[in-house]
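Engineer: One structure, pasted below without further comment.
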């Protein structure tokens with residue numbers, strides 16, 4: 001019985017994180033959000049949506065550190081930087097959008113992948129210069 005409760009809590013927390021990421025995505029576009037909060041928020045959202053982790057998942061224990069600590073911490077900090085009224089408006093909008101079907105934004109996905117590719121090329125060139 002205790003295992004079922006624990007599993008349900010984990011599932012509930014995962015749903016809350018997904019909802020908050022989408023709320024942050026919507027809040028990022030609001031003009032009432034300060035520039036520094038926008039910058040931090042878009043970095044958190046891009047990292048959360050990114051298929052590439054800072055710490056690869058195949059590394060024992062540490063691999064899931066970003067998924068369990070870094071992403072939720074980033075979400076929490078971003079939510080604290082954004083005015084409460086904006087967060088409340090975005091929660092309502094996010095729920096309306098969710099009820100109408102999940103949005104698909106291929107352009108944003110392509111941009112995130114392009115940024116990671118460019119970052120990998122830059123790091124590769126830096127390593128090449130360092131070792132030659």
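A short reminder: the numbers here are calculations on the coordinates, not readings from a lab. Worth saying up front: this structure is predicted, and the values here are computed from it rather than measured. All Cβ positions, glycine included, derive from the backbone under ideal geometry; neighbour counts span all protein chains shown.
Engineer: Roughly what would the spin-label model give for residue 67 and residue 117, points 7 Å off Cα along C-beta, in nm?
Structural biologist: Between residue 67 and residue 117, the label points sit 2.5 nm apart.
Engineer: OK, next. At R0 = 41 Å, how high is the FRET efficiency between residue 85 and residue 126 if r is their beta carbon distance? Nearest 0.05 is fine. Could the numbers behind the result be given before it?
Structural biologist: Values: r = 43 Å, r/R0 = 1.05.
Efficiency at R0 = 41 Å is approximately 0.40.
Engineer: Please find the FRET efficiency linking residue 32 to residue 110, where r is the Cβ-Cβ separation and R0 is fixed at 35 Å, and quote it to the nearest 0.05. Spell out each step's value before the answer.
Structural biologist: Details: r = 28 Å, r/R0 = 0.81.
Taking R0 as 35 Å, the efficiency between residue 32 and residue 110 is 0.80.
Engineer: On C-alpha positions alone, give me the angle between the axis of helix 2-28 and the longest principal axis of the chain, in degrees, nearest 10.
Structural biologist: Rounded to the nearest ten degrees, it is 80.
Engineer: For the chain, find the longest principal axis of its Cα atoms and tell me its angle to the long axis of helix 35-49, 0 to 90°, nearest 10.
Structural biologist: Between helix and principal axis, roughly 80 degrees.
Engineer: Among (1) 55, 19, 12; (2) 28, 22, 14; (3) 25, 17, 15, find the value of semi-axes √(5λ) of the Cα gyration tensor in Å that was calculated from the structure presented, and write down its label.
Structural biologist: Correct label, based on the coordinates given: (2).
Engineer: Could you state the angle between the C-alpha long axis of helix 84-99 and the longest principal axis of the C-alpha atoms of the chain, as a value from 0 to 90 degrees rounded to the nearest 10?
Structural biologist: Rounded to the nearest ten degrees, it is 90.
Engineer: Next question, about the same structure. Can you grab the distance from the C-alpha centre of the range 72-132 to the C-alpha centre of the range 1-51, Å, no decimals?
Structural biologist: Here the two parts' Cα centres lie 10 Å apart.
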